[in-house]
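S.K.: One structure, as structure tokens, below. Some questions next.
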Amino acid sequence: MGEIKLNLSIKEENMPLFKRCVRKLLGSTFIVGDKDENLYAFISRESNRQDVSDYLRMIGFDVLVDEKVRIAMLKPYEGDEETPGLKRSNVVVFTSEQYHLLLVLWEAYLESLGYSEQNIVFLGDLIDKMKAYNVDMDGSKLFAALKIFKKYDLIDFDPNNKSEDAIITLYPSLQFGWNIEQFRTVVEEYMKENQYEVSPEDENIDFESGEDDTE
């Protein structure tokens with residue numbers, strides 16, 4: 001039988017950052033440059049990224065670094081797609097209610113993109129947006145969802161501040177927090193509830209890549 005060998009050459013002074021990057025990805029899925037500058041700076045270097053990737057592939061994962069938005073993301077290793085017993089799925093999976101809230105947060109992110117250094121939304125404004133988009137969540141469910149999003153570095157906020165002026169920092173990782181099939185289901189449910197019709201042009205949108213295949 002063949003052998004699979006893992007050959008890593010990591011300088012001793014880099015080992016703490018290597019270990020922190022791996023643990024951060026396994027625990028939180030994302031490393032956000034705006035939040036964890038040192039970890040992102042380490043993993044964004046090609047040689048370090050390759051070491052982390054080689055290590056993660058041994059346990060069925062890989063890492064994607066998007067330098068435009070400065071995030072690193074844990075993802076399933078494509079080489080294991082046909083491996084029996086290893087289900088291919090997104091690392092982060094939320095409930096339908098949480099996906100509806102995620103859509104509202106992403107909308108808020110896009111609205112304020114480019115207007116300031118920090119992309120934020122006030123809690124009161126978020127609640128108003130939820131009402132406008134018919135996202136029905138009581139306070140306990142809302143804060144439970146926000147805490148989960150905070151854990152996965154999609155947002156940041158102070159859980160003890162529940163005033164209307166409480167600031168929620170929105171990270172670009174929000175756009176990568178989708179389970180594609182569940183995202184489709186949530187969008188279809190929303191369209192039906194609000195009596196929207198999907199046009200032929202909309203049907204050609206590739207949700208996986210975020211690109212429109214229409215000419």
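The values are calculated or read from the model by the stated rules, or taken from the named source; none is laboratory data. Given the structure is predicted, the values throughout are model-derived calculations rather than measurements. Glycine gets a Cβ as well: all are built from the backbone with ideal geometry, and neighbour counts include every protein chain shown. Just so you know, the surface numbers come from the protein's heavy atoms only, side chains and all, with ligands and any DNA or RNA stripped out. Shrake-Rupley method; radii C 1.70, N 1.55, O 1.52, S 1.80 Å.
S.K.: Could you list, in sequence order, all residues of the range 142-155 that are more than 15 Å from Ile31 (Cα to Cα) and out of contact with any Ser or Thr (no Cβ under 9 Å at 6 or more places or on another chain)?
M.R.: The answer is Leu142, Phe143, Ala144, Leu146, Lys147, Ile148.
S.K.: Need pairs with beta-carbon distance below 6 Å; first residue free of Cβ contacts under 8 Å to residues at least 60 places away in the same chain and within the range 10-34, second open to solvent by 40 Å² or more (accessible area, probe 1.4 Å) and of a type in the set (D, E, K, R); sequence gap 6+ or separate chains.
M.R.: So the pair list comes out as Gly33/Arg70.
S.K.: Let me ask another. Is it true that Ile167 is open to solvent by 40 Å² or more (accessible area, probe 1.4 Å) and at pLDDT below 95?
M.R.: No; evaluated as a whole, the condition is false for this residue.
S.K.: Just to check your reading of the model, which residue among Glu12, Glu3, Glu37 is modelled with pLDDT under 90 and surrounded by fewer than 16 Cβ atoms within 10 Å (Cβ to Cβ)?
M.R.: Going through Glu12, Glu3, Glu37 in turn, just one is modelled with pLDDT under 90 and surrounded by fewer than 16 Cβ atoms within 10 Å (Cβ to Cβ): Glu3.
S.K.: If you take just the strands (runs of 3 or more DSSP E) that sit entirely in the range 50-150, which of them hold at least 2 residues that are open to solvent by less than 40 Å² (accessible area, probe 1.4 Å), in contact with a helix residue (DSSP H, G or I) (Cβ under 6 Å, 6 or more places away or on another chain) and at pLDDT 90 or above?
M.R.: The strands (runs of 3 or more DSSP E) meeting that bar are 61-66, 71-76.
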